[in-house]
Amino acid sequence: MQSLIAFLAVLVGVAIANPMVLSPAEQNQQNKAISAKEFLKKMFPADSMVSSIRSDDQKDEDIVQQLRALGLREAANIAEQVDLRQILRDGDLSSVTLCMPSDKAVQKWRQELPAKLRPDQEAMRNLVKAWAVSGRVESSQITDNQKVQSLNGAKLRFNVYRDSKKMITVNGARVIDADRNASSGLVHVVDKVIYPLPVGNVMETLDDNQAFFIVVDLLKQAGLEDELRNSDPLTVLVPTNAAFQALPSGVLDDLKQDTAGKLRNLLKYHVISDVKYSVSLKSGQRLRASQGDEISVARDSDDQIFLNKHSDQSKASRVIVRDIPTTNGVIQVVDRVILPSQKHFVLV
């Protein structure tokens, strides 16, 4: 179940030296086919509800060969297919940072991505432009939640997680080989294809898909709409319509009529004031919800992620669609409404 719009990759912070500057509306239109909104629509269809690259030939003519020399044969083939050389020439850059997927990442993406979500030639070209950032973004300079603007106008979000060891991600893709030098600049190798791309904030991304109309209506009722539009960074654990409809009889109706703050309390238990991509979630971890209580994380041998998996496994919430990027964070889609374990929290 991997449908939340046409993947929006997020390149953050550094300005591009590109002679053609697109307006936000033009950028959104350009990236529509590969946006998270389109990805979600196709996954949940309505009927189912920082120095730069030389533009001369000596600098950019060998970028495909350089990727192959780094062992990135699949990425090199994609670069050749979309004419990355010309993209870099058009950017008129002195150097560039490329976030390119490993061969294994590309092969897995092709195998697992449903046909309806696969980018066509033009969309693929726009996607690859989102993997390129003007200037040298060295791993030692990256800070948590840093945003860098890509060559297609979308932003990439870098995150730095420090548990047992430091881990850097780009739109949720883990950097597995950083700072590889190329004549054009730097290459960071990532463990998954950066797709889809973010084209709206959390609220806009959800509001654009009928699979989430219940949670959208409840968020508006609880007065949380502005928070999910404007706060950054955020992780929102989003139950599907089916998850709300599976609540005990009468509970959803009671929530819709709530005036005592119970609804707001429940929904804020699904919001975390930080960006938590799935790669950062580990068994035994505890996430602090904006409502104040904690959410426990469990990861099984099949790599499934469960939230609040206590003695009664049937009440655990499973992450069923991971890492839907938004301009202000990330959405994790879950199959059950998440309830706090504390005895003082009574839903009805």
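Just a few scattered comments:
- Test for Lys116: is it charged (D, E, K, R) and surrounded by fewer than 19 Cβ atoms within 10 Å (Cβ to Cβ): yes
Yes or no, residue by residue, for (1) among the hydroxyl-bearing types (Ser, Thr, Tyr); (2) surrounded by 14 or more Cβ atoms within 10 Å (Cβ to Cβ); (3) part of a loop (DSSP other than H, G, I, E, B); (4) under 15 Å from the mean Cα position of the chain (by Cα):
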{"site": "Asp226", "(1), (2), (3), (4)": "no, no, no, no"}
{"site": "Asp232", "(1), (2), (3), (4)": "no, yes, yes, yes"}
{"site": "Leu237", "(1), (2), (3), (4)": "no, yes, no, yes"}
{"site": "Ala260", "(1), (2), (3), (4)": "no, no, yes, no"}
{"site": "Leu267", "(1), (2), (3), (4)": "no, yes, no, no"}
{"site": "Val275", "(1), (2), (3), (4)": "no, yes, yes, yes"}
{"site": "Gly284", "(1), (2), (3), (4)": "no, no, yes, no"}
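- One residue from Ala9, Ala17, Ala25, Ala69 being modelled with pLDDT under 75, surrounded by fewer than 22 Cβ atoms within 10 Å (Cβ to Cβ) and among the small types (Gly, Ala, Ser): Ala17
- Any hit, segment 50-61, residues being at pLDDT 80 or above and crowded, with 19+ Cβ neighbours inside 10 Å: no
- Being among the hydrophobic types (A, V, I, L, M, F, W, C) and farther than 30 Å from Arg118 by Cα is not true of Leu206.
- Cβ separations smaller than 8 Å between residues 6+ apart or across chains give the following pairs from segment 71-85 residues that are in the same structural domain as Ala130 (by TED's automatic domain parsing) and in a loop (DSSP other than H, G, I, E, B) to residues that are hydrophobic (A, V, I, L, M, F, W, C) and at pLDDT 95 or above: Leu72/Met100; Leu72/Val187; Leu72/Val189.
- Checking each residue in segment 201-216 for being within 15 Å of His270 (Cα to Cα) and either surrounded by fewer than 17 Cβ atoms within 10 Å (Cβ to Cβ) or over 17 Å from the mean Cα position of the chain (by Cα) (or both) picks out Phe212, Ile214, Val215, Val216.
- Selection count, segment 102-160, where residues are on the phi > 0 side of the Ramachandran plot and assigned to a strand (DSSP E or B): 0
- Any hit, segment 277-287, residues being charged (D, E, K, R) and touching a Ser or Thr at 6+ places or on another chain (Cβ under 8 Å): yes
- Selection count where residues are within 12 Å of Tyr195 (Cα to Cα) and either surrounded by fewer than 13 Cβ atoms within 10 Å (Cβ to Cβ) or not aliphatic (A, V, I, L, M) (or both), scope segment 100-109: 2
- Residues of segment 309-338 that are surrounded by 17 or more Cβ atoms within 10 Å (Cβ to Cβ) and at pLDDT below 95: Lys309, Ala316.
The values are calculated or read from the model by the stated rules, or taken from the named source; none is laboratory data. Owing to the predicted nature of the structure, the values given are computational and were not obtained by experimental measurement. Virtual Cβ from ideal backbone geometry, glycine too; neighbours counted across all protein chains shown.
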